[in-house]
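Note sheet for the following structure.
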Amino acid sequence: MTESHAQTRFAKDFLSILDLSWDDLERLLRLSAQMKTDRRLGPKAPSASTLAGMHVALLFEKPSLRTRSTFEIAIRELGGDTLHLPSSLAEGIREPLQDVARNLERWVRALIIRTFAQDKVATLAAAGRDLHVINALTDEEHPCQALADALTMRERWGDCRGRTIAFIGDGNNVATSLLQVSLMLGITVHVASPSGYELPDNVVNAATRVARDGATVARFTDPARAVDGVDAVYTDVWASMGEEAEAADRRRVFAPYQVNDRLMAAAHRDVIFMHCLPAHRGEEVTSQVIDSSASVVFDQAENRLHTQKALLSMLVS
Ligand code: CP
Ligand code: NVA
């Protein structure tokens, strides 16, 4: 992962932020900003035929508003067509996942999949040698979200090097991908989680290896210490999809980690508030914070579209 990888071939798949070199990430964010500007050109946008004559398959085993909507719109705006697959295919019961991939690659250019285990996404990507596989969220990672988060921070700050972001809450899929992309952009990351819900050591160690420009990770249990002076505060739901049975227990454990006006006051004066959405107002964040002028959550949601158009375009070209 060095500058000398500049202009090397973009990876076949996008399963993790760690699939990108620094140069890939830079090119992807620049193209995302271009896609955003060009969108007003509609069918006259230079990217309008990028996926002409191609189908892209979508397979979602968990609910989605943002990811599904933005990928569908992205595919259409790039001139492609969608194929909706039944979620049961991802169970690998009717036929092995390897065979699913080897069928799909004969018909479609890419597969966008939201599932539980990251291993499933990796299995499909390994089996479908001509199939671009995109991770639309697993239990472990949410790399498409992190691309939109990165674009949002770039829009606010320009060069992100030397900034600091605090992630408050569960050391989950969103926290993992945010950590990776932030360190790659030279942003220091503070993570505050209750004991037992921290980011795993192997995740932190792998992300630290791609850090640049002196960015580091610091782990806290006290959220007030984690947000002291930071430029952005990020949180996510306390119980992710698939963890619904733990929701009541988690509400008790995570209560001191709520992002509210008091916590935001300990951050930098120009702090921004970030959330991948959906938000559980009154739990991990108050309505006052999410509706405040510091909040960029709907910019993040909008940027899902532009970054995913750039991603699709770079994968297929
Ligand atoms: N942030 C996000 O991925 O939203 P959805 O679950 O609605 O796709
Ligand atoms: N951590 C959340 C993110 C939703 C976009 C979940 O996995 O449910």
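Every read-out reported here was derived from the displayed coordinates using simple, explicitly stated rules and does not represent laboratory data. Fair warning: this is a prediction, and the values are worked out from it, not measured in the lab. Glycine also receives a Cβ, built like all others from the backbone with ideal geometry; neighbour counts cover every protein chain displayed.
Can you work out D for the range 109-226 in µm² s⁻¹ from Stokes-Einstein, where Rh is the Kirkwood radius over C-alpha pairs, the temperature is 25 °C and the viscosity is 0.890 mPa s? Present the calculation step by step, with values, prior to reporting the outcome.
On the way: Rh = 15.0 Å.
Translational D for this selection: 163 µm²/s.
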Notebook entry, point to check: What is the percent of Cα-Cα separations in the chain that go past 28 Å?
Noted result: 38 percent
Item checked: Cut-off 20 Å, label 7 Å out along Cα→Cβ of Asp249, residues of the range 171-197 by amide N -> 171-173, 193-197
Next item on the list: Could you work out, for the range 222-317, what percent of all Cα-Cα pairs fall into each 10 Å distance bin, beginning at 0 Å and stopping at the bin that holds the largest distance?
Entry: 15, 40, 29, 14, 3
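Return the ratio Rg/(2.2 N^0.38 Å) for the range 21-131, where Rg is computed over Cα atoms only. Don't skip to the answer; put the middle values down first.
Working: Rg = 15.4 Å, N = 111, 2.2 N^0.38 = 13.2 Å.
This ratio for the range 21-131 stands at 1.17.
Using only helices, what value at 222 nm comes out for the chain when you add -39,500 (n - 2.57) per DSSP H run of length 4 or more and divide by the total residues, to the nearest 500 deg cm²/dmol? If you can, show how the numbers build up before the last one.
Working: 12 runs with 124 residues, N = 317.
Result for the chain: -11500 deg cm²/dmol, rounded to the nearest 500.
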Margin query: Need the full-extension length gain, His280 to His55, defined as separation in residues times 0.36 nm minus the C-alpha distance. One decimal, nm.
Written below: 77.5 nm
Next item on the list: Between Asn260 and Ser69, with labels modelled 7 Å along Cα→Cβ, what's the label distance in nm to one decimal, could you check?
Entry: 3.0 nm
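Return the FRET efficiency for the residue pair Asp270, Asp213: r is the Cβ-Cβ distance, R0 is 25 Å, and the value is rounded to the nearest 0.05. If you can, show how the numbers build up before the last one.
Details: r = 21 Å, r/R0 = 0.83.
E between Asp270 and Asp213, to the nearest 0.05, is 0.75.
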